[in-house]
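In what follows, a single structure is set out as structure tokens and then discussed.
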Amino acid sequence: MSKLIINSYEEFAAHLGQKLGESEWLTVDQERINKFADATLDHQWIHVDVERAKSESPYKSTIAHGYLTLSLLPYLWGQIIEVNNLKMMVNYGMDKMRFGAPVVTGSRVRLVASLKGIENLRGICKTQIEFAIEIEGQRKPALQGVAAFLYYFK
């Protein structure tokens, strides 16, 4: 799979309304979930207590934190696109974000992204990226929404 290479606002704008790509599949294992729980101080049993989850969880397994799924967005986004000639890039916000399905431990996820909007704000490129973090073998995505990024081209 090849990354989309963007070198300017004009090159980015040429992809308006188009799918930008898909990331590789990434396994969300218990170790990743435990590390996220430690980092965020969110040790809710449905995420970290494997034995309890087997008997009490409706999924018969632990599940990833929703915010862990969200936190994978920059890593997966970096597999889809490479934007060059930048002074910096800023995460600007999220719109219409919805958690649609749980990520059961051991599942594989990937990002699918499209360019929903782009505008030039006095030399700053503001993009709206429609995204879905899909779960392998599942119909509903784990997470979907619109991410806004500001790209400061040189």
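The values are calculated or read from the model by the stated rules, or taken from the named source; none is laboratory data. Everything numeric in this text was worked out from a predicted model, so none of it was measured. Here Cβ is always computed from backbone atoms with ideal geometry, including for glycine, and neighbour counts include all displayed protein chains. The protein model used for the area step is the full one, side chains on, heavy atoms only, and it has no ligands, DNA or RNA in it. Shrake-Rupley method; radii C 1.70, N 1.55, O 1.52, S 1.80 Å.
Hey, which of the helices (runs of 4 or more DSSP H) in the range 1-95, taking only ones fully inside, have at least 3 residues that are open to solvent by 90 Å² or more (accessible area, probe 1.4 Å)?
Counting at least 3 such residues, we get 30-40, 50-56.
May I ask you to list the residues in the range 133-154 that are assigned to a strand (DSSP E or B) and either of a type outside the set (Ser, Thr, Tyr) or within 12 Å of Arg110 (Cβ to Cβ) (or both)?
Correct list: Ile133, Glu134, Ile135, Leu143, Gln144, Gly145, Val146, Ala147, Ala148, Phe149, Leu150, Phe153.
If the Cβ limit is 9 Å and pairs must be 6+ apart or interchain, which residue in the range 99-121 that is under 22 Å from Lys54 (Cα atoms) and part of a strand (DSSP E or B) pairs with which residue that is of a type in the set (Ser, Thr, Tyr) and open to solvent by 20 Å² or more (accessible area, probe 1.4 Å)?
Listed pairs, sorted by first residue: Val104/Tyr59; Val104/Ser61; Arg108/Thr27; Val109/Thr27.
Quickly run through the range 115-152 and pick out the residues that are open to solvent by 30 Å² or more (accessible area, probe 1.4 Å) and either more than 25 Å from Ile63 (Cβ to Cβ) or modelled with pLDDT under 95 (or both).
Correct list: Lys116, Ile118, Glu119, Asn120, Leu121, Arg122, Gly123, Ile124, Lys126, Gln128, Tyr152.
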